[in-house]
Protein chains: 2
Amino acid sequence: MALAILDDRSYNECMNKLDKPNKREQLLEQGVNLLLAQGYHGTGLKEILDAVKIPKGSFYQYFESKEAFGAEVVTHYIEPFIQQLTDHLNNPELDALSVLQAYFAALIHDLEQGDFKGGCLLGNLMGEIGDTSELCRFSLKQAIGRYRDLLVLGLTRAQAEGSVRADKSAERMADLLLNTWQGALLRMKIEQSVMPIRACCEDLLGGYFKA
Amino acid sequence: MALAILDDRSYNECMNKLDKPNKREQLLEQGVNLLLAQGYHGTGLKEILDAVKIPKGSFYQYFESKEAFGAEVVTHYIEPFIQQLTDHLNNPELDALSVLQAYFAALIHDLEQGDFKGGCLLGNLMGEIGDTSELCRFSLKQAIGRYRDLLVLGLTRAQAEGSVRADKSAERMADLLLNTWQGALLRMKIEQSVMPIRACCEDLLGGYFKA
DNA sequence: TATAAAAATATGACCGGTCGTATATATGCC
DNA sequence: GGCATATATACGACCGGTCATATTTTTATA
């Protein structure tokens with residue numbers, strides 16, 4: 001067999017670093033997809049396990065409970081968004097306000113492609129279990145906090161560049177932007193239109209926040 | 001027995017207008033409470049039925065399905081808010097901006113008393129089932145629409161009174177206020193603080209919207 | 001008006017299925 | 001063979017929904 005060319009050490013590496021964590025990763029990946037589409041209580045473990053072809057009994061090998069799994073899914077979900085926004089902000093060719101506008105424009109584009117389904121997992125879970133699962137509440141708070149801090153960074157830089165007003169704190173503006181975005185995502189879902197989220201960005205980044 | 005003093009007609013009235021619709025009303029009432037506290041998929045029919053002591057089989061006498069029930073719960077939930085806001089707006093002694101500020105201040109007070117639990121049923125359900133149940137989506141859209149129109153009315157009047165800026169449309173401001181409020185309610189749940197919703201009102205009604 | 005037949009309504013046991021979780025067995029590595 | 005991990009099976013509880021039966025209300029007959 002093909003694996004015979006590998007010695008024991010590298011075989012174990014393969015199993016430990018690719019296979020085993022891979023299954024965990026797969027579970028989290030599918031967890032993101034399904035929780036985003038159907039919510040926490042609307043998604044059964046079996047559905048997730050079937051999707052990644054992992055036997056039911058194995059779930060508790062990887063996670064303590066569904067609740068703990070949910071908390072990890074939240075963290076796993078936000079990572080790419082943090083990464084993407086960080087990357088955009090590290091681009092020295094664009095001013096900070098343009099970066100934020102471009103970033104949100106990209107999000108809007110993706111949401112439009114996705115038929116206004118899902119929205120933001122953080123927003124959905126804050127509403128569904130934010131006040132019933134302490135574990136998930138903490139995880140959500142953490143994730144939102146990291147994201148908010150990135151927005152603060154961008155807005156602070158935009159203030160220094162003179163494109164965003166300095167008479168309001170970057171923190172307050174970041175919260176306003178984040179909260180309005182979350183609310184607009186909810187509206188998007190029921191209006192089945194990107195109008196709410198487009199208006200959100202226009203009104204704030206293109207209006208209220210302008211220097 | 002006490003009821004013997006009533007003739008047939010008034011007895012029937014009693015049964016029809018109090019007892020029977022009362023049970024339907026009770027179901028909706030408890031539906032509001034439980035769906036607000038535990039979400040749609042997090043609440044079983046049995047839990048609602050037990051709370052109002054109505055047998056399982058009777059549920060489908062009153063409602064087509066859990067989904068149809070959920071849609072009606074949404075409508076039943078928003079009614080008092082519409083009523084309260086309408087009453088406030090009909091008060092001729094206060095200017096429209098003060099009315100809005102007082103109305104939201106009252107909401108904030110109530111939410112603080114309630115330990116930041118629940119938030120807004122419309123927001124929670126938009127996130128949880130706004131894109132999976134067409135029936136509820138329509139009901140949510142309707143409810144949000146009615147509420148928004150009331151905010152538009154208030155803001156339009158405030159514009160006419162000169163307390164709110166006229167260079168932005170009342171519609172756009174109403175949407176911004178509503179969406180930010182919804183997002184701030186989500187934040188409230190995970191931060192366990194009224195700070196987000198307080199900031200929302202200060203930033204918009206006390207800042208951005210000011211003439 | 002008294003009585004019986006019929007129509008309407010109320011009921012809770014029960015349906016197949018799924019929930020999250022526990023445990024006992026099987027499997028693979030030293 | 002000893003040990004740790006992975007998996008299958010099973011658990012009791014609960015899910016939304018149905019249905020035959022019991023009860024009540026209405027209608028018809030005398």
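What follows draws every value from the coordinates through simple rules; no lab data is involved. The structure presented is a predicted model; accordingly, all values stated were derived computationally and were not measured. When we count neighbours, we look across all protein chains shown, and the Cβ atoms used for this are built from the backbone with ideal geometry, even at glycine.
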Using 7 Å Cα-to-Cβ label points, what is the A:Ala106/B:Asp110 separation (nm, one decimal)?
4.2 nm
Can you pull out the trypsin sites (Lys or Arg not before Pro) in the stretch B:74-141 whose DSSP state is coil and whose Cβ has at most 15 other Cβ atoms within 10 Å?
B:Lys117
What length, rounded to one decimal in nm, is gained on full extension from A:Arg172 through to A:Asn90, with 0.36 nm per residue of separation minus their alpha-carbon distance?
27.3 nm
Quantify how strongly other chains surround peptide B:36-44 by giving the mean number of their Cβ atoms within 10 Å of each of its Cβ atoms.
4
Quickly estimate the mean residue ellipticity at 222 nm for chain A, helices only: each DSSP H run with n ≥ 4 gives -39500 (n - 2.57), and the total goes over all residues, rounded to 500.
-22500 deg cm²/dmol
Across the identical copies, how the B:Arg198 labels are spaced - nm, sorted shortest first, 7 Å along Cα→Cβ
3.8
Just tell me how shielded A:188-199 is by partners: mean number of partner chain Cβ atoms within 10 Å of each residue's Cβ, no decimals.
4
Can you tell me the FRET efficiency between B:Gln61 and A:Ala160 if r is taken as the Cβ-Cβ distance and R0 is 45 Å, rounded to the nearest 0.05?
0.10
Among the lysines, which have Cα under 18 Å from the Cα of A:Lys56 when same-chain residues fewer than 8 positions away are ignored?
A:Lys20, A:Lys23, A:Lys46, A:Lys66
Give me a single rounded figure for A:47-55: the average over its residues of other chain Cβ atoms within 10 Å of their Cβ.
0
Cβ-vector label at 7 Å, B:Arg172, separations to other copies in nm:
2.2
Does the protein assembly as shown come out rounded, prolate or oblate by the C-alpha gyration tensor, with a ≥ b ≥ c the root eigenvalues, rounded set by a/c under 1.5 and, if not, prolate when a/b is larger than b/c and oblate if not?
oblate
So the label point sits 7 Å from Cα along the Cα-to-Cβ vector; using that for A:Ala105, what distances do you get to the other copies, in nanometres, sorted shortest first?
4.2
For A:Val164, distant residues with modelled amide H under 5 Å away:
A:Gln159, A:Ala211
Span-like helices, chain A: DSSP H, alpha-carbon axial extent 18 Å or more, mean Kyte-Doolittle 0.5 or greater, which ones?
A:96-113
